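Novice: Just passing along the structure, written as structure tokens.
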Amino acid sequence: MLIVILNAVIGVIQESKAEKALDALKKLSSPNARVIRDGEQKLVRASKLVPGDIILVEAGDLVPADARILESASLKVDESALTGESVPSEKSADAIVKEEASLGDRHNMVFQGAVSAMEEGRASSLRRE
């Protein structure tokens with residue numbers, strides 16, 4: 001009986017430590033996003049983005065959420081994890097895209113997890129998952 005109780009106590013302690021470690025990893029992996037809210041530029045956690053936030057993206061930035069491009073200046077985004085393409089895709093707010101276009105052909109949008117390769121742009125957050 002003593003062995004069963006000891007085993008249960010050790011199991012509870014190990015599970016508690018694992019949950020704490022997982023929470024710490026989640027905090028480390030949550031990227032920040034530069035946004036414009038209430039007319040001011042702010043740095044917020046990507047998990048706190050809401051639809052309509054204006055996201056600022058520069059070269060080397062990780063795109064924190066799916067977004068439609070509002071302004072861009074020679075914006076190129078590496079979407080290789082999403083599309084499999086080996087070169088960065090050119091993105092533009094002026095691109096005209098058919099409604100049924102695949103993700104790789106939506107040149108007026110950026111997607112969460114992609115990396116900005118060149119220049120800068122502003123995009124309006126669509127959703128956060």
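Novice: Out of curiosity, is residue 35 in a strand (DSSP E or B) and touching a residue at least 12 places away in the same chain (Cβ under 8 Å)?
Specialist: Values: in a strand (DSSP E or B): yes; touching a residue at least 12 places away in the same chain (Cβ under 8 Å): yes.
Against the criterion (in a strand (DSSP E or B) and touching a residue at least 12 places away in the same chain (Cβ under 8 Å)), residue 35 qualifies.
Novice: Would you check which residues across region 85-109 are at pLDDT below 80, within 20 Å of residue 62 (Cβ to Cβ) and either of a type in the set (Asp, Glu) or part of a strand (DSSP E or B) (or both) and list them?
Specialist: Once the filter is applied, which keeps residues that are at pLDDT below 80, within 20 Å of residue 62 (Cβ to Cβ) and either of a type in the set (Asp, Glu) or part of a strand (DSSP E or B) (or both), region 85-109 yields only 85.
Novice: Please determine whether any residue of region 117-129 is at pLDDT below 85 and assigned to a loop (DSSP other than H, G, I, E, B). It would help to see each step written out before you state the result.
Specialist: Here is the first cut: in region 117-129, the residues at pLDDT below 85 are 117-129.
Remaining after also requiring assigned to a loop (DSSP other than H, G, I, E, B): 128-129.
Yes, region 117-129 contains a residue that is at pLDDT below 85 and assigned to a loop (DSSP other than H, G, I, E, B).
Novice: Among the residues of region 58-70, is there at least one that is under 12 Å from the mean Cα position of the chain (by Cα), among the β-branched types (Val, Ile, Thr), modelled with pLDDT of 85 or more and open to solvent by less than 60 Å² (accessible area, probe 1.4 Å)? Can you show your working first?
Specialist: Step one: list which residues in region 58-70 are under 12 Å from the mean Cα position of the chain (by Cα), which gives 61-67.
Next, only the ones that are among the β-branched types (Val, Ile, Thr) stay: 63.
Retained after the next criterion (residues that are modelled with pLDDT of 85 or more): 63.
When the remaining residues are screened for being open to solvent by less than 60 Å² (accessible area, probe 1.4 Å), the result is 63.
So far as region 58-70 goes, yes, one or more of its residues are under 12 Å from the mean Cα position of the chain (by Cα), among the β-branched types (Val, Ile, Thr), modelled with pLDDT of 85 or more and open to solvent by less than 60 Å² (accessible area, probe 1.4 Å).
Novice: A further question follows. Please pick out the residue among 42, 76 that is in contact (Cβ under 8 Å) with a residue 40 or more places away in the chain, open to solvent by 50 Å² or more (accessible area, probe 1.4 Å) and either of a type in the set (Lys, Arg) or part of a strand (DSSP E or B) (or both).
Specialist: Values: 42 fails: in contact (Cβ under 8 Å) with a residue 40 or more places away in the chain.
Going through 42, 76 in turn, just one is in contact (Cβ under 8 Å) with a residue 40 or more places away in the chain, open to solvent by 50 Å² or more (accessible area, probe 1.4 Å) and either of a type in the set (Lys, Arg) or part of a strand (DSSP E or B) (or both): 76.
Novice: Also, I was wondering about something else. Any idea how many residues of region 1-32 are within 18 Å of residue 64 (Cβ to Cβ) and assigned to a loop (DSSP other than H, G, I, E, B)?
Specialist: 2
Novice: Hey, among the residues in region 8-39 that are of a type in the set (Val, Ile, Thr) and touching a Lys or Arg at 6+ places or on another chain (Cβ under 9 Å), which one's most open to solvent (accessible area, probe 1.4 Å)?
Specialist: 36
Novice: Condition first: open to solvent by less than 20 Å² (accessible area, probe 1.4 Å) and either farther than 12 Å from residue 110 by Cα or not in a strand (DSSP E or B) (or both). Now tell me which residues in region 47-57 satisfy that.
Specialist: 49, 53
The values are calculated or read from the model by the stated rules, or taken from the named source; none is laboratory data. All values derive from a computational prediction rather than experimental measurement. Cβ coordinates were reconstructed from backbone atoms using ideal geometry, including for glycine residues, and neighbour counts include every protein chain displayed. For the accessible areas, the whole protein counts, side chains as well, though only heavy atoms, and no ligand, DNA or RNA atoms are used. Shrake-Rupley method; radii C 1.70, N 1.55, O 1.52, S 1.80 Å.
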